[in-house]
1. Mind telling me which of the residues 122, 133 ends up being at pLDDT 95 or above and either exposed (fewer than 14 other Cβ atoms within 10 Å of the Cβ) or in contact with a helix residue (DSSP H, G or I) (Cβ under 6 Å, 6 or more places away or on another chain) (or both)?
2. Please give the number of the condition residue 86 fails out of (1) out of contact with any Gly (no Cβ under 9 Å at 6 or more places or on another chain); (2) within 30 Å of residue 43 (Cβ to Cβ); (3) at pLDDT 85 or above.
3. Of everything in region 142-155, what is under 21 Å from residue 182 (Cβ atoms) and either basic (Lys, Arg) or at pLDDT 95 or above (or both)? Give them in sequence order.
4. Is there a residue being farther than 18 Å from residue 32 by Cα, surrounded by fewer than 19 Cβ atoms within 10 Å (Cβ to Cβ), β-branched (Val, Ile, Thr) and modelled with pLDDT under 85 anywhere in region 170-181?
5. Could you tell me how many of the residues in region 23-46 are over 19 Å from residue 131 (Cβ atoms), in contact with a strand residue (DSSP E or B) (Cβ under 9 Å, 6 or more places away or on another chain) and loosely packed, with under 15 Cβ neighbours inside 10 Å?
6. For region 38-77, what are the residues that are farther than 13 Å from residue 24 by Cα, of a type in the set (Asp, Glu) and either part of a helix (DSSP H, G or I) or without any contact (Cβ under 8 Å) to a residue 24 or more places away in the chain (or both)?
7. When you check residue 61 against the structure, is it under 15 Å from residue 80 (Cα atoms), modelled with pLDDT under 90 and not assigned by TED's automatic domain parsing to the domain that holds residue 167, yes or no?
Amino acid sequence: MKKSFYSKNVFGPIVKKKVFDEVYDQLISLISNGKLKPGEQLPSERVLAEDLKVSRQSIREAMKKAESKGLIKVRQGEGTFILSAASDLMESPFLTMMTEEVSKIYEFIEIRKLIEVWCAKKAAQFATAKELKKMEKALAEMEKLINSREILGKSDIDFHIAIAEASHNTLMVHMMTTIKQIFLSMFKISNFTRRPGKNRILIKQHQEIYEAIKSRNPKLAGQKMESHLQFVESEWREEIRRSRVKKKS
């Protein structure tokens, strides 16, 4: 019979978790499995306490811990919102580089092509009826700006994030949320304005991407997304060219 190597020092005592840690762990789980998505608002402290059957103090401590980890953002007077897990890692450094050297936007668009073409293909395979509805809603919001020279902004972001969600890859949703926010910030920094008729073209491109996804055609969805991003790149090249001409004159 083999001698046992068991020692009473091998096992440690079971440490009971504090209630707020249990709440925090549940929050982490919901974010990790995609049930809570970037940008979504959490219920109020009172509602969470009632639903989880814990004290409001436990909710408060769990939220404080989550905020310190960069998972949520408490906005005074608005509420508590889920953050993109990639925001702190990517947003500030990327914006700094592109602000210092605006031509870096082309490299950023190359990254978008790699990620978003993949997302479009996956969405064509896996999109649910609910996810298709989200895309439709974003398209409807875009159409309100069809004759405007304003950028499509939030509705554009919502559309692309809906496609990422339809890929059913939680990490991709977090990455796309940050990527689109960076892109929107670049529009604002550069005072980018649409030339007449450009929104109509962009909306048509988004509609074609949606139709390819809805028809369950991954190859076509990828092609339409790539074509759209090539157009976006050409628009940026023209905008930067005009900006440089203005500076010289």
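1. Within the list 122, 133, the selection yields 133.
2. With (1) out of contact with any Gly (no Cβ under 9 Å at 6 or more places or on another chain); (2) within 30 Å of residue 43 (Cβ to Cβ); (3) at pLDDT 85 or above applied to residue 86, the lone miss is (3).
3. Across region 142-155, the qualifying residue is only 154.
4. So far as region 170-181 goes, no, none of its residues is farther than 18 Å from residue 32 by Cα, surrounded by fewer than 19 Cβ atoms within 10 Å (Cβ to Cβ), β-branched (Val, Ile, Thr) and modelled with pLDDT under 85.
5. 3
6. 45, 50, 51
7. Details: under 15 Å from residue 80 (Cα atoms): yes; modelled with pLDDT under 90: no; not assigned by TED's automatic domain parsing to the domain that holds residue 167: yes.
The answer is no for residue 61.
The values are calculated or read from the model by the stated rules, or taken from the named source; none is laboratory data. Not measured: the values here are computed from a predicted model. So basically every Cβ, Gly included, is an ideal-geometry build from the backbone, and we count neighbours across all protein chains shown.
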